[in-house]
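Below: the structure, in structure tokens.
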Amino acid sequence: MTAEFRWTRKDLLSLYDLSAEEITYILDTAEEFKKVSERNVKKVPALRGKTVVNFFVEPSTRTRVSFELAEQRLSADIVNMTASTSSLTKGESLLDTVRNIEALQVDLLVMRHRATGAQNFIAQNVSCGVINAGDGAHSHPTQALLDMFTIREKKGRIKGLKVAIIGDILHSRVARSNMWGLLKLGADVVFAGPATLVPREFEEAGVKVCHRLEEALEGADVVNLLRIQHERQSAGFFPSINEYSRFFGINQENIKRLKPDTLIMHPGPINRDVELDSSVADGPNSVILEQVTNGLAVRMAVLFLVAGCGGKR
Amino acid sequence: MTTEKLLFNTGEVQDGVQHLCEAVLRDFKENPDYVLLGLHKQGVPLAERIADHLEEKTGTRPAVGKLDISMYRDDIGLRSGLPLIRETVIPFNMEDAKVILVDDVLSSGRAIRAALSAVTSFGRPACLRLAVLIDRGRPEFPIRADYVGFNAFDVDPAQKIVLKLTENDGEDAAVAIQWR
Amino acid sequence: MNDILLKGGRVVDPGRNIDQVMDLGISNGVFADPADLHDPEVVDVSGLVVTPGFIDVHVHLRQPGNTAAETIATGTLAAAAGGFTSIVAMPNTNPPADTAGAIEYLRSQAAQKGCVRVLPCGCLTKGRQGKEMAGIGGLAAAGVAAFSDDGSCVQDHALMRHLAEYIQSFNLPILDHCENDCLAAGGVMHEGKWSVLLGMKGYCSAAEELMVARDVILSRMTGARFHIQHISSKECVRLLAEARRDRLPVTAEVTPHHIALTDECIKTYDTNFKMNPPLRSEEDRKALIEGLASGVITVIATDHAPHTNTAKMVEFDDAPFGVVGLETALPVSLTILYHGGVLTLPQLISKFTTGPAEVLGLKRYDLRNGNPADVTIFDPEKSFTVDPEKFRSKARNTPFAGRTYKGVIKRTYVGGKLVFQQ
């Protein structure tokens, strides 16, 4: 990292937009914030006097709690809004809702939305900083950053590692964000699952696509499982959850194919014994809870950097 | 491109460091339980140099910590970009510790104010002292240094004093640049 | 009305294979021999191209139902500014044009407020619901130029077959918006590399191609005239080529945006790139251009679909489909196809004149003496940058804002009347 490098983005929307240097910079910053949460006084005044609105148009539990705690540990003032507590229910447009929030001199907007690109659209039209907490199947940058932080912490590097991401890639913003971030930092990314959920087009981004689990697990340094949603069965993407689990889930049998030090990751919430066997989720290779811990550090770093870049464009 | 103007040459800076070390030494002899806490970035090598000196003269080397104050600054959002947060290492218990903060230049005093917040979030020290290499003499906060290498009261306030140290920059010198 | 002499222009009249510098006379609203004019107003059009008035077989005027987005007055003005002298008004208004009364309303409003010819199009099915035939004969008697459920596609193949057969009694074409609802459900953009990378819900080109194939098969079976609206994929062009090789009465149109842009544009999340059918891949775009060059595609139509800024300034998923196109159609097409070396000028002009005239069954659509004097005059070399604020259309939802194209409409005459000049 060069001494001259400085963070200058007012928004964090997608890892697709970031350079490898910027991603590394966030991870480095997060290392220092992780230590803050290990102290007796788990709070720093970095965002004192700043107002952060957590606007979760799509419901969320763990991401919202993680962001809220990160904001509190940075001493920011916080307002939480959901779709049901906003004027969206009265038919107000998203842009009007956000402009009204902004008119209250808000510094940062942390936003989750069901529609791909909603945060990009909002960021183009407001001057406060926007942090994407997940949009549609598009992008969830802080989740990918915490995954990468965990991998780097455990493996000491990201470059050259084989990272297999398994499951419903088609509908996953976690997979897409991990893909851009990991590729930029030089990892080999493998997407695996049934062809209905893992389209070949991902190969154009530089990912290896495979439709048999064995191929993905072979030699993997990291296996990241995605939650499989029951709705996908009724939409005809696979015959049944049972069958999915049998052919595309990680269990005690196929885990034997993995190297002894392969990391098992999951963005949560886990469907135990569906995509991931309970004994594996709780086993020695699992870093699933550490991902949660690291999420806090990564979100503190992102909030600190985005708030600190100078606000107005 | 920022233009640099040499303010103090290698000899002058090194004399200042020597003077600062001597000043700290006088109190350290009385209180050998003092610990040093260098502020990133130039306060860290300065603290090491002071520790070297104290060890050489007394045979006792004080504990040396490193402190990054970025999270405690009050000007977040006012600057054009953020520098990397560096590692904070506190190899001693802050409770009841006698701490000498070490920084390169005492200018507005805001960095030291941030450092006071930072330190107290680690515990409740018995006393806090401040050692700076260069004192500009016009702090914006009621903050004064206990130990000073040399004064630079006459430097134009429109200019920022940047200290270079061999450990980080390959040479000892102090230059003036225009504030951004 | 004074006689008019259009002097010294390059007259391109594809219907008569004319491409030469010559004078053109207008008297009493029809073309006349320049030698027979009495004290004409002489208009120097040297350096400009003079052609039969353009026909757009695919325009949404939004009246009645959404006059915040467009009206007959503003829509026809935009048409005139784009060089169009006749436009086919799609029936997906609110209420839809599925009755003779709705057609009567459109005709009377167009006569009062329109500045170009508005050719009504009737619905294929009642309420565009795809369940029951609309009153086809009554609509024909009220003067529709064609039938379409544009925006929706009749999913029931038996119903479409009966429509294809029944409409033959009235000798009018079916303009079909080809889309299979099952395959398209929920999609907001072309399914391909960019939908996958962006995580947008894509809908595959097969949704369109299946219905194009259906229409070709029904045309072969019934002999009905099918005009495929806004074809957008490579496979559609292949299906069409096969139909035309077999001399089936199947034609197709392509929009300027589909030959100019691809799905990659959507990575900016600009809802002005959201339309149906969606912008597709570069391979598809090239196939459409190739289809125009080979003569398989005979019509360029705009699918002018105005929306208010309010409607478009929303999340991409929630934005309505459609872009305006009347005022950019010629420059975009001219730049890509003529200046790009794909088509000669007469070939390009035919896609705006004789091609659509054939779809509508208009005979002898050309500049011969005695024909209604619908004329478009443009400068093919002058370049300009698209500024939506300067549109005559009420709407601003263009995907071409800020882009520079060559080709500027200078004058538009409808029945010898000057309806636009700049």
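Laboratory data are not the source of any read-out in this text; all were calculated from the coordinates shown. Treat the numbers as computed from the prediction; the structure is a model and nothing was measured. Backbone-built Cβ (ideal geometry, glycine too); neighbour counts: all protein chains shown.
A few points about this structure:
- Column: log10 I(q)/I(0), Debye, Cα scatterers of the range C:196-261, q = 0.20, 0.23 Å⁻¹: -0.79, -0.96
- Number of partner chain Cβ atoms within 10 Å, mean per residue of C:186-194: 2
- Prolate/oblate/rounded call for the range A:124-173, Cα gyration tensor, a/c under 1.5 rounded: oblate
- Computed over the alpha-carbon pairs of the protein assembly as shown, the distance histogram in 10 Å steps reads 2, 11, 16, 17, 15, 13, 10, 7, 5, 3, 1, 0, 0 percent, short to long.
- Binned Cα-Cα distances of the range C:53-366, short to long, each 20 Å bin given as a whole percent: 35, 62, 3
- Neighbour-limited loop hits for chymotrypsin sites (Phe, Trp or Tyr not before Pro), the range C:310-382 (at most 16 other Cβ within 10 Å; DSSP other than H, G, I, E, B): C:F321
- Span-rule helices in chain A, defined as complete DSSP H runs reaching 24 Å or more along the axis (Cα) with Kyte mean at least 1.0: A:288-308
- Helix C:234-245 axis, angle to chain C major axis (alpha carbon atoms, nearest 10°): 60 degrees
- Summarised in one figure, the compactness ratio Rg/Rh of chain A, Cα atoms and Kirkwood Rh, is 0.97.
- Shielding of A:196-203 by partner chains, average beta-carbon count, 10 Å: 3
- Three-way shape call for chain B based on the alpha-carbon gyration tensor, with the a/c threshold at 1.5: oblate
- Inter-chain Cβ neighbour count for C:198-204, averaged per residue, equals 6 (cutoff 10 Å, partner chain atoms only).
- Qualifying chymotrypsin sites (Phe, Trp or Tyr not before Pro) in the range B:82-180, DSSP loop, other Cβ atoms within 10 Å at most 13: B:F153, B:W179
- When each of C:K113/C:K417; C:K274/C:K394; C:K234/C:K394 is checked by Cα-Cα distance, pairs over 25 Å: C:K234/C:K394
- Residue by residue, the range C:416-422 carries 3J(HN,Hα) couplings of x, 9, 6, 9, 7, 8, 8 Hz when phi is fed to the Karplus relation 6.51 cos²θ - 1.76 cosθ + 1.60 (θ = phi - 60°); x denotes Gly or Pro.
- Note, ³J(HN,Hα) from phi for the range B:126-132, Karplus 6.51, -1.76, 1.60, rounded to Hz, x at Gly and Pro: 6, 8, 10, 10, 10, 10, 10
- Rounded, prolate or oblate (a/c below 1.5 giving rounded, otherwise prolate when a/b exceeds b/c) for the range C:66-165 by Cα gyration tensor: prolate
- Based on alpha carbons, the Rg and Dmax found for the range A:141-291 are 13.9, 42 Å.
- Relative to one another, the C-alpha centroids of the range C:337-378 and the range C:273-300 are positioned 19 Å apart.
- Chain C: angle of helix C:282-294 to the longest principal axis, Cα-based, in degrees nearest 10: 40 degrees
- A viscosity of 1.306 mPa s and a temperature of 10 °C, combined with the Kirkwood radius over C-alpha pairs in the Stokes-Einstein formula, give the range A:1-111 a diffusion coefficient of 100 µm²/s.
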